[in-house]
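First comes the structure, then the notes that go with it.
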Amino acid sequence: MDRRGICVAGNMIVDIAQTVSAWPKLGELTSLVSARERSTGGLACNVGKSLAMLDDQLPIQVFGCIGDDPEGRYIRSQFEMHPNIDTSAIHVAADTSYTLVMNDAATLERTFLHYRGANAGFDGQGLQLDTSNARMLHIGYVLLLDALDEPDAEYGTRMARVLAQAQAAGLRTSIDVVTEAGERFQQLVPPALRHTDYCIINEMEAQQVTGVMLRDDGDRVLEANMPRALAAIKAAGVTTWAAIHCPEGSYGLDEHDRYTALPSLKLPKGYIQGTTGAGDAFCAGVLYGAHEGWTLADALRLGTSAAAGSLSRPDATSGILSAQATMDMYRAMGGQ
């Protein structure tokens with residue numbers, strides 16, 4: 001079978017952002033000082049749209065659950081802006097998941113209030129892996145999809161079962177996770193890694209997966225430990241690429257266990273307009289490189305520049321350019 005395209009499955013979220021004059025104490029009133037701003041979020045939305053913008057000829061199919069409500073219709077409308085995104089397998093279930101993003105005007109800190117909604121019931125329904133012509137499946141977030149985080153007697157988790165089924169059907173698999181402290185991480189992530197071909201996560205998640213310290217007490221990244229952490233990720237079952245991204249740079253081990261380390265781009269003062277979705281943009285860039293048969297080093301370059309594009313806008317995806325323009329931007333900004 002001549003496979004082409006990427007399936008993107010998992011969290012579909014509407015982010016609703018407002019700014020408060022100051023975060024209130026319990027029982028106090030505070031004032032909203034901005035109009036409500038709405039954008040899509042979550043892995044399926046962010047990565048799916050980013051991939052579609054990197055290459056408007058690449059077939060993208062999105063899978064997940066939304067509600068038959070204004071937020072669900074908004075998500076569909078955002079996907080429908082891209083003719084190469086197939087939304088036919090989106091499942092309509094409970095109320096669409098959303099996150100209230102409250103920006104504190106006094107401290108510039110953000111507080112997130114998340115309603116799990118329809119995402120909690122997504123168990124991989126509609127994936128149609130046996131008949132898919134796609135080359136890859138990217139799914140997540142592990143730890144934020146209740147039904148797929150459920151135990152499975154054979155595979156450890158239902159997420160791991162879906163990944164194993166995808167591999168058996170001939171797809172290459174990729175996962176992403178959310179950063180979370182506690183025992184759930186070690187319970188839910190390792191089973192998925194055993195059936196993963198590409199693992200692209202941030203340094204705090206990699207630290208949780210491997211037990212290898214990647215930041216010190218002064219919040220400095222421990223680059224010398226990256227090769228050991230990447231090797232541990234591959235030893236957990238990842239067959240092809242393990243990649244770690246953080247604000248300082250990106251690091252990876254390829255299919256031959258060759259190590260690559262690249263610094264982040266030096267962005268001009270005032271360039272960053274928002275950080276939501278930068279990790280998903282990085283992931284989309286690396287996945288695109290993998291799909292197109294690039295080296296890991298070039299895929300990391302594309303991911304780095306795609307993340308920089310995302311940072312140039314308040315939302316997750318509107319700053320994403322075509323793959324060629326993204327690589328041109330990487331070189332123009334002094335990328336190695």
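Bear in mind these aren't lab numbers, they're just calculated from the coordinates by the rules spelled out. What you are looking at is a predicted structure, and each value in this text was computed from that prediction instead of being measured. Note: ideal-geometry Cβ built from the backbone for every residue, glycine included; neighbour counts use all protein chains shown.
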### Query
³J(HN,Hα) across segment 173-185 via Karplus (A = 6.51, B = -1.76, C = 1.60, θ = phi - 60°), whole Hz, x for Gly/Pro?
10, 9, 10, 9, 10, 9, 6, 8, 8, x, 6, 4, 4
### Summary
Checked segment 132-175 with the C-alpha gyration tensor, a ≥ b ≥ c its square-rooted eigenvalues, rounded below a/c of 1.5, otherwise prolate if a/b is larger than b/c and oblate if not; verdict oblate
#### Entry: Cα-projected label distance for Met204 with Asp56, points at 7 Å along beta-carbon direction, nm
3.7 nm
### Summary
Counting sequence-distant residues (5 or more places) and residues on other chains, those with an amide H built under 5 Å from that of Asp86 are Ile60, Gln61, Val62
### Query
Which ³J(HN,Hα) values in Hz, rounded to whole numbers, follow from the phi angles of segment 54-61 under the Karplus curve 6.51 cos²θ - 1.76 cosθ + 1.60, where θ = phi - 60° and Gly and Pro get x?
5, 8, 6, 9, 7, x, 10, 10
#### Entry: Tensor-based shape of the chain (alpha-carbon gyration tensor, a/c under 1.5 rounded, otherwise prolate or oblate)
rounded
### Task
Be a star and scan segment 41-63 for residues whose amide nitrogen sits under 14 Å from the point 7 Å along the Cα-to-Cβ vector of Met81.
41, 45-54
### Message
Spelling out what I want: for every residue of segment 323-332, take phi, set θ = phi - 60°, compute 6.51 cos²θ - 1.76 cosθ + 1.60 (Karplus), and round to whole Hz; glycine and proline get x.
### Response
4, 5, 5, 5, 5, 4, 5, 4, 6, 5
### Task
Order the peptides 28-34, 46-52 from the highest to the lowest mean number of other Cβ atoms within 10 Å of their residues.
46-52, 28-34
### Task
Round to the nearest 0.05 the FRET efficiency obtained for Asp217 and Glu109 when R0 = 22 Å and r is the Cβ-Cβ distance.
0.55
## Note on the structure
Between Ala332 and Lys269, Cβ-based FRET efficiency (R0 22 Å, step 0.05) works out to 0.85
### Summary
In the chain the DSSP beta bridges are antiparallel at a rate, in percent to nearest 5, of 45 percent
### Query
Considering the dipole of the chain built from charges on the beta carbon (Lys and Arg +1, Asp and Glu -1) around the Cα centre, which of Phe63, Asn11, Ala134 is farthest to its positive end?
Ala134
### Query
Of Trp241, Trp23, Trp294, which is the most mobile in a GNM of the chain whose springs link Cα atoms less than 10 angstrom apart?
Trp23
#### Entry: Given charges at Cβ of Lys, Arg, Asp, Glu: the chain dipole, positive-most of Ser174, Gly334, Leu287
Gly334
#### Entry: Fluctuation leader among Val20, Val62, Val189 - the chain, Gaussian network, Cα springs under 10 angstrom
Val20
### Message
What does the C-alpha gyration tensor say about the overall shape of segment 181-262? Classify as rounded when a/c is under 1.5, otherwise prolate if a/b is larger than b/c, or oblate.
### Response
oblate
### Message
To make sure I understand the rule: partners must be aspartates and glutamates, Cα under 18 Å from the Cα of Lys234, and not fewer than 8 residues away in the same chain. Which ones qualify?
### Response
Asp176, Asp197, Glu203, Glu205, Glu223, Asp254, Glu255, Asp257
### Message
Nearest 500 deg cm²/dmol is fine: what mean residue ellipticity at 222 nm does the chain get from its DSSP H runs of n ≥ 4 alone, each adding -39,500 (n - 2.57), divided by its residue count?
### Response
-9000 deg cm²/dmol
